[in-house]
1. Of the DSSP beta bridges with both residues in the chain, give the percent that are antiparallel, rounding to the nearest 5.
2. Between Glu199 and Glu178, what is the FRET efficiency for a Förster distance of 30 Å, r being their Cβ-Cβ separation, to the nearest 0.05?
3. Lysine pairs in the range 2-206 8 or more apart or on different chains: how many have alpha carbons under 19 angstrom apart?
4. Arranged from highest to lowest average of other beta-carbon atoms within 10 Å per residue, in what order do the peptides 160-167, 16-23 appear?
5. Tell me the mean residue ellipticity at 222 nm calculated for the chain from its helices only (DSSP H runs of n ≥ 4, each -39500 (n - 2.57), averaged over every residue, nearest 500).
6. May I ask for the longest run of the chain untouched by GluC sites (Glu not before Pro) that are loop-located per DSSP and have at most 10 neighbouring C-beta atoms (other than their own) within 10 Å?
7. Under a 10 Å cutoff between Cα atoms, tell me which one of Ile150, Ile73, Ile88 has the largest fluctuation in the Gaussian network model of the chain.
8. Whole-Hz ³J(HN,Hα) for each residue in the range 91-106, computed from phi via Karplus 6.51 cos²θ - 1.76 cosθ + 1.60 with θ = phi - 60°, x for glycine and proline: what do you get?
Amino acid sequence: MEACREILVSGIASLNLSVTDDQVDQLLSFIKLIEKWNKAYNLTAIRGREEMARLHILDSLAIVPHIEGKRVIDIGTGAGLPGIPLAICLPEIDFTLLDSNAKKTRFVQQVVLELKLKNVEVLHSRVENYHPEKAYDAVLTRAFSGLSDIVKLTAHLLAKDGVLLAMKGQNLDAELAELTEIAAKKSVISVSVPGTDVERCLVRIQLPEQAEVS
C-alpha cells in the first residue's frame, strides 16, 4: 500500500488539506476494504488500489473546502463515496450515508464498524421514502442523477438555509437550464483531482424558501 500512501499524501498536500497520519491510515484501510468486498459485492468498476486512491479517495476529498454545516447526507452513497473519506477527514461533521442497495449499505456499515467512525449513520432506503426528524444542512450527491431530479428527490431533506452539493462532470448547460424555475441560487465550482486529468465540478444549489418542487 506504499504507492497508495504516496498518492494520498501527495494529493492531500496538493489540495491544501490538513489530514493526520491516522486519517491517512483510515483512508488506506477503506481502500483495502473496498478491494476485499468488491469481488463479492461488485461495489465499483475501479479495481486497482492506486486508481481507487485517485479516482475515489482524492476525488471525494477535493470537495472538502465546500462542505457546509454540521449535518450532511450523502445520497446514493454506493460504496461510501464521497461520504466515508469526508467523514474520516471531517470528524466534527455528522454524516448520514443513504443508499437503496442493501448489499452496498451492508458494506458501508462494516466500514463504519471496522474504522470506528463515530460520526456516520448508514441508512438503507430510497431517498423519496426517507423523512428525517431533523433536516440537513447539506445534501451531497456523486454521480447520482440529473440536477433537476436531484432537486426534486432531495429538497425535503434540506434545512431552511441548506444547500445541495452535486458532484458532476463538465458540460452541464442543459442540466443547469432545467433548474431556472426552481433554483434561487446556483453556482458551478471547478474541482481539480490531483494526479488525474478528470474534469470535475461541484454544483451548489440553494433553493428559494417557498420553492414548490414537484
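The numbers here are math on the coordinates, done by the rules we state, and not lab data. It should be emphasised that the depicted structure is a prediction, and the values quoted were computed from it without experimental measurement. Reconstructed Cβ throughout: ideal geometry from the backbone, glycine too, with neighbour counts over all protein chains shown.
1. Among the beta bridges of the chain, antiparallel pairing accounts for roughly 40 percent.
2. It comes to 0.90.
3. Qualifying lysine pairs in the range 2-206: 23.
4. 160-167, 16-23
5. Taken over the chain, the calculation gives -10000 deg cm²/dmol.
6. Between exposed loop sites, the widest span is 1-91.
7. Result for the chain, Cα springs under 10 Å: Ile150 fluctuates most.
8. x, 7, 10, 8, 10, 10, 10, 10, 8, 8, 8, 5, 4, 5, 5, 5
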